[in-house]
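Structure first, commentary second.
Just so it is clear, none of the values below were taken in a lab; they were calculated from the coordinates. Remember, it's a predicted structure, so these values are computed and weren't measured experimentally. All Cβ positions, even for glycine, are placed from backbone atoms using ideal geometry, and neighbour counts span all protein chains on display.
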Amino acid sequence: MANHDRNKKILLELVKQPDNNRCADCGAPVLREQWIRAKYERQEFNKEGMHLQQVYSSGLYEGTLWKKGKDNSHYLKRRFVLSERDFTLRYFTSDAPSKGPKAVIAVKTLNAIFQPEKMGHMHGLQLTYQQEDHTRNLFVHHESGQEIVNWFNAIRATRFAYLKTAFPTASDSELFPWITRNYLKEGFMEKTGPLQRESFKKRWFVLDAQERKLLYFKTQLGTRGNKWKCGVIVETPERQFVFMCEQEREQKEWVDAFRQVMLRPMLPQDFTTEAKLRR
């Protein structure tokens with residue numbers, strides 16, 4: 001209980017500081033708006049309103065979110081349950097007791113980032129996680145800004161509790177950047193196959209500097225490709241990757257972003273991740 005209370009206190013200090021650059025999208029409009037409302041309207045940071053903080057820091061949070069379909073742009077209501085007990089996020093397509101969760105997501109790999117522009121919704125939240133050997137995105141939103149920010153803070157609280165359990169000797173300052181994080185660069189490029197004779201296909205790429213990973217997805221939220229001319233070559237021990245950008249400006253931005261990640265010293269967890277990928 002003492003550890004839970006300490007973690008809760010640390011997280012609440014982060015919630016009070018939306019400009020401290022210790023969380024993903026601390027400058028997101030909905031976060032800034034709800035921080036102002038929490039401080040001046042709901043008085044959450046005063047003794048009288050502290051009970052409101054229990055909503056997102058109790059270790060269990062559940063509710064309904066609008067979730068985007070896997071293969072279409074339709075959003076459907078789904079019930080989500082976030083638990084600190086087993087460090088999971090579950091969502092359900094049915095309230096029937098006989099129906100189990102549609103997915104069980106490990107908090108271990110979960111990241112949350114506000115994406116209002118990409119999703120076309122001011123309360124749009126992107127959840128990214130690892131599923132076996134693949135990375136998957138869930139796009140969710142809620143009509144209430146307070147509710148979606150509560151979800152964001154609840155995810156951060158659960159992530160922090162997991163990190164304290166997984167890395168008990170690490171300092172709080174070492175763990176803060178890993179709670180949730182922004183991506184260094186996102187955008188479209190075209191890629192060819194391993195033989196480099198296949199046709200180029202347009203894909204949405206995400207450069208995760210914290211995890212030192214380049215991820216790509218078939219679509220951002222749904223597009224098709226064209227012929228582009230500005231090339232980027234990435235050499236790895238196993239393979240040479242060839243990407244194409246639409247404009248020279250985008251080509252330069254990607255090259256600069258790649259260099260920024262590669263110049264960063266490797267951390268122990270980076271070597272662990274590398275060893276897993278080589279298996």
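Phi angles of segment 184-194 translate, via the Karplus equation with coefficients 6.51, -1.76, 1.60 and θ = phi - 60°, into HN-Hα couplings of 5, 8, 9, x, 7, 9, 9, 10, 9, x, x Hz per residue; Gly and Pro are given as x.
The H on the amide N of Thr88, modeled in the peptide plane, is under 5 Å from the matching H of Ser83, Val107, each at least 5 residues off or on a different chain.
Sort out for me the Cα centre separation of segment 88-158 from segment 249-268, rounded to whole Å. Spelled out, the Cα-based centre of one part sits 28 Å from the other.
Excluding residues on the same chain fewer than 8 positions from Lys185, give the aspartates and glutamates whose Cα lies under 20 Å from its Cα. Cα-Cα hits under 20 Å: Asp25, Glu117, Asp208, Glu211, Glu235, Glu246, Glu248, Glu250, Glu253, Asp256, Asp270. Taking the number of Cβ atoms within 10 Å of each Cβ as an exposure proxy, the fewest-first ranking of Val104, Val261 is Val104, Val261.
Here the convex hull built on the C-alpha positions of segment 185-278 has a volume of 104 cubic angstrom per residue. When His134, His141 are arranged by Cβ crowding within 10 Å, least crowded first, meaning fewest neighbours, the order is His134, His141. Couplings for segment 250-267, taken from phi via the Karplus curve 6.51 cos²θ - 1.76 cosθ + 1.60 with θ = phi - 60°, read 5, 4, 5, 4, 5, 4, 4, 5, 4, 4, 4, 6, 5, 7, 6, x, 6, 9 Hz in order; Gly and Pro are left as x.
Label-to-label distance, Thr272 versus Ala166, with points set 7 angstrom from Cα along the beta-carbon direction: 0.7 nm. Across segment 121-126, computed HN-Hα scalar couplings (Karplus, 6.51 cos²θ - 1.76 cosθ + 1.60, θ = phi - 60°) run 9, 5, 10, x, 10, 9 Hz from first to last residue, x flagging Gly and Pro.
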